[in-house]
There are 2 protein chains.
Amino acid sequence: MRATLIYGAGDVRVETVPDPKLVEPTDALVRITRACICGSDLWPYGSLPVQERGRPIGHEFLGIVEETGAEVTSVRKGDLVVAPFLYSDGTCEFCREGLQSSCLHGGGWGQNGVDGGQGEAARVPQADGTLVKLPHTEDADLLASMLTLSDVFATGHHAAVTAGVREGSSVTVIGDGAVGLSAVLAAKRLGAERIVLMGRHQERTDLGRDFGATDVVAERGDEGIAKVRDLTGGRGTHAVLECVGTLPAFEMGLGVVRPGGALSRVGVPQYAEGPIGRPLFSNNITVTGGVAPARHYIPELLPDVLDGRYQPGRVFDRTIGIEDVPAGYQAMADREALKVLVAF
Amino acid sequence: MRATLIYGAGDVRVETVPDPKLVEPTDALVRITRACICGSDLWPYGSLPVQERGRPIGHEFLGIVEETGAEVTSVRKGDLVVAPFLYSDGTCEFCREGLQSSCLHGGGWGQNGVDGGQGEAARVPQADGTLVKLPHTEDADLLASMLTLSDVFATGHHAAVTAGVREGSSVTVIGDGAVGLSAVLAAKRLGAERIVLMGRHQERTDLGRDFGATDVVAERGDEGIAKVRDLTGGRGTHAVLECVGTLPAFEMGLGVVRPGGALSRVGVPQYAEGPIGRPLFSNNITVTGGVAPARHYIPELLPDVLDGRYQPGRVFDRTIGIEDVPAGYQAMADREALKVLVAF
C-alpha cells in the first residue's frame, strides 16, 4: 500500500510499504477512505532530526473494515468506522472512567509496529475498544465532519468540557487553528454565551464567527489581555481554552481568566515550567486539560454531527490525494491551508 | 483593648491599642472570645522585615456582637458569631458565585485600618456578608470546632471540594499541619475511601488516623512518591490535597496523582514557577485550589460540627490567654504546638 513516512524536519514522503495484516485476534484491518493532517504533525515536520528509516505518520482516519480478528465483535467487514487518534481497549480502569487516552493497553498510531493514519490502510489494535461504527454515506461534507471526531473536534470539546463550559459561560479561545476553531464550536454547543476568539488570520476567525465566536481579538500578549478584559467588564472569562501550546499562549490565558475560572490546555505544551504561583492561587484559577480521550466523546458528539446541527468538517479547506500529502504538510506549515483532508 | 502586633520576624507583641469603633453603617463590633494562630501567620513570623510600627495580625476569631451599624440586619447585639478569614459583602458577583475570597468589596483582617483577629475586639466590615451566627454555648470543645470554620477546616474542605473528592475517592493529603489534618477530615466527610496522609510527626499523623487517614507515609520526595504508588497499585490517587505550599510539596503531589486526577493547593505557594509541562498534559492532571472562600462553606459545615459528628477543633493542642500569644507563635514555629487557641 501507499503510506506517509516522515524522515525528518521538512521531509515527508509517500512510499509503498507492506500491506498490513492481522496480528492479534483483537485487531481489525481498515481500508482508509479519509485521513487528514494535524497541527501536531507540524511539530515533527518542523523539528524532527533526520531519521535513517522513515517513521509512519498520521493519526486521524476513517474507512471500511476489511477483516477482523477472531475476538472482534463490535465491527465487521464492510462497516464504515472512525478511529480516534489513540487506540484503547475500552475495558481497563481508565477506559471505564472515560480516560481512554491513559488506556493501560492503548497506544498511538505509527508506533511499535502499528501503522500510521496517513496511508491506504491500517491495522487497528484493540478494535472493539477503538473503532466506532458510522452510517454509510457518500456525503463528502458529512464524511469530513465525521473525520473530525477522530481528533480535532473531540480535542476542542475536551478543552471546553474540562474548563467547565456550560450554559451561559463566558469563554476565551486562544488560537485560530483547527483545534481553536473546533473549541469555539464545542463551547457554543455546550451553551457558552460569550465566546472571545483570539486569533489574527481573518479567514480563520471568520469561520470562528460562523462557529459561534461573539468577539475576535487579534492582539496578543498584554495588548490582547487588555482587549479581552475590556470586553468582559475587566473580569476575564470563566473558561479559557488554550489551543496553541506555547508558553506565551499559556501566559496570555492566565491573563484573561476570571477569578474562580479554569484554563484548559489542549495544545501540546512546548514548555516544561510555567508561572503557577501566587496570582493563580489568589484567584482560585484551575489549570486543566490534556490529551483528549477522543474515543470517550465520539458517542456523544456523533448524533449532533449526523443531524447536521454541527459541521466541524468546515475546518478542512483543502482536499488532496495521498500522493500530495507532502505538499499538504507544506501548505499547512506555510499557513496556506488551515487543515488538509486526504481523500482516497 | 489588648491586641497582637507583629514588628518583624520573631517579634510579635501584645499591646494596648485603641478600642475599635463603628466606621461604616455596614460594620459590626465584635468582642472576641476565641481566636487562634494560623500556619500562615508563621510565614511573616519567619521572614517579615523589621517594621517601624507594628502591624495587627490574626485572622480567625469568634465572639459576641457588641454593636452594629445602622444597615446591619443579619446579626445583633449579643449574638455569638464566627468571622471567616476574609470579610466579604455577600452580594457582589463573586460572592453570589460562592467565591467570597474574590469579593469586590472584601479584604483581609489587619489591613487598611481593619483590626487583626488576635485581639480583644474587632470592627467587622460588611458584617451582613461576613459574619455567621452561631448558637450560644459554654462547651469549650464545640467553641474550638466552630472556630475552625473561620479558616482551617474550611480550607481543608476547599482542598477536598476543588480536587473533586467524593464517595469512593482515593486521596493523598500532603502535610500533617492543622490544614492537612483538616483536609483529611474534610475528605472523609465527603466520602473518600482511601486517605493517604503524608507526614512525619507521629502525634499529628495519629490525629490524622483518627480523622480518617487509612495510611500514613512518613517518607518524602521520590521515596514518598514510591511509597504512595506502592499503596495504590502503582496508580496514585484521584485527588491530592497539597497543604504545605512549598515547591517540593507540589512536585511530590504531581508524583502521586493518578492520571485524570486533580492536585489542589491550599498552602500558599512559596514559589512562582513550577513544572507544568508534558507529564501533566499527557496524564490529564488538573491543578486547582487556592484561597478558600471560607464564608461560602460555613453554612454547609456548621451543622456537622454542631451535632458533634465532626470535631475539627481537635487540631488545637494548646490554649493560651492573650498575653501569651508571642509564646504561642514560638511554640508553633518550634513545632511544639500544632495549633494554638487563644481564649479570652
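Throughout, read-outs are computed from the coordinates displayed, never taken from laboratory work. It should be emphasised that the depicted structure is a prediction, and the values quoted were computed from it without experimental measurement. Because the Cβ atoms are built from the backbone with ideal geometry, glycine has one as well, and the counts that use them run over all protein chains shown.
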Practice problem: Multiply the residue gap between residue A:51 and residue A:24 by 0.36 nm, knock off their C-alpha separation, and tell me the result in nm, one decimal place. | Solution: 6.9 nm
Self-check item: Gap separating the Cα centres of segment B:277-344 and segment B:48-88, nearest whole Å
Solution: 18 Å
Practice problem: Would you calculate the separation in nanometres between label points at residue A:31 and residue B:166, each defined as 7 Å from the Cα along the Cα-to-beta-carbon direction? | Solution: 4.5 nm
Quiz item: Peptide B:100-111: average number of partner chain Cβ atoms within 10 Å per residue?
Solution: 1
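Would you mind computing Rg(Cα) / (2.2 N^0.38 Å) for chain A, counting N as its residues? Walk me through the intermediate numbers first.
Numbers: Rg = 19.7 Å, N = 344, 2.2 N^0.38 = 20.2 Å.
Cα-based Rg divided by the globular estimate yields 0.97.
Using only the Cα atoms, what convex hull volume per residue in Å³ does segment B:33-176 have?
Numbers: hull volume 22.2 nm³, N = 144.
Output value, Cα hull per residue: 154 Å³.
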Quiz item: How many nm separate the modelled label positions at residue B:74 and residue B:138, each set 7 Å beyond the Cα in the direction of the Cβ?
Solution: 3.0 nm
Exercise. Below 25 Å Cα-Cα, how many Lys pairs turn up in the protein assembly as shown? Only count pairs eight or more apart in sequence, or on different chains, if you could.
Key: 12
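What net charge is computed for the residues neighbouring residue A:34, neighbours being all others with C-beta under 13 Å from the C-beta of residue A:34, Lys and Arg scored +1, Asp and Glu -1? Please report the intermediate quantities before stating the final value.
On the way: positive: A:31, A:339; negative: A:60, A:120, A:138, A:139, A:141, A:151.
Taking every other residue near residue A:34 into account, the sum is -4.
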Exercise. Taking each label point as 7 Å beyond Cα in the direction of the beta carbon, state the distances from residue B:210 to the same residue in the other copies, shortest first, in nm.
Key: 6.7
Quiz item: Can you give the average number of partner chain beta-carbon atoms within 10 Å of each beta-carbon in peptide B:266-272, as a whole number?
Solution: 4
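Calculated FRET efficiency, residue B:66 and residue B:202, Cβ-Cβ r, R0 45 Å, to nearest 0.05? The partial results should precede the final answer.
Numbers: r = 43 Å, r/R0 = 0.96.
Approximately 0.55, to the nearest 0.05.
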Quiz item: In whole angstrom, how far apart do the alpha carbon centroids of segment B:3-36 and segment B:201-229 sit?
Solution: 37 Å
Quiz item: Are there GluC sites (Glu not before Pro) in segment A:186-223 that DSSP marks as loop and that have at most 16 other Cβ atoms within 10 Å, and which are they?
Solution: A:193, A:219
Self-check item: Förster radius 45 Å - calculated FRET efficiency between residue A:319 and residue B:111, Cβ distance, rounded to 0.05
Solution: 0.10
Exercise. Could you pull the copy-to-copy label distances for residue A:309, with points set 7 Å along Cα to Cβ, in nm to one decimal and sorted shortest first?
Key: 3.9
Quiz item: Spin-label point model (7 Å from Cα, Cβ direction): what's the residue B:330 to residue B:219 distance in nm?
Solution: 3.8 nm
Exercise. Taking a label point 7 Å out from Cα toward Cβ, give me the nm distances from residue A:50 to the same spot in the other copies, shortest first, one decimal.
Key: 6.7
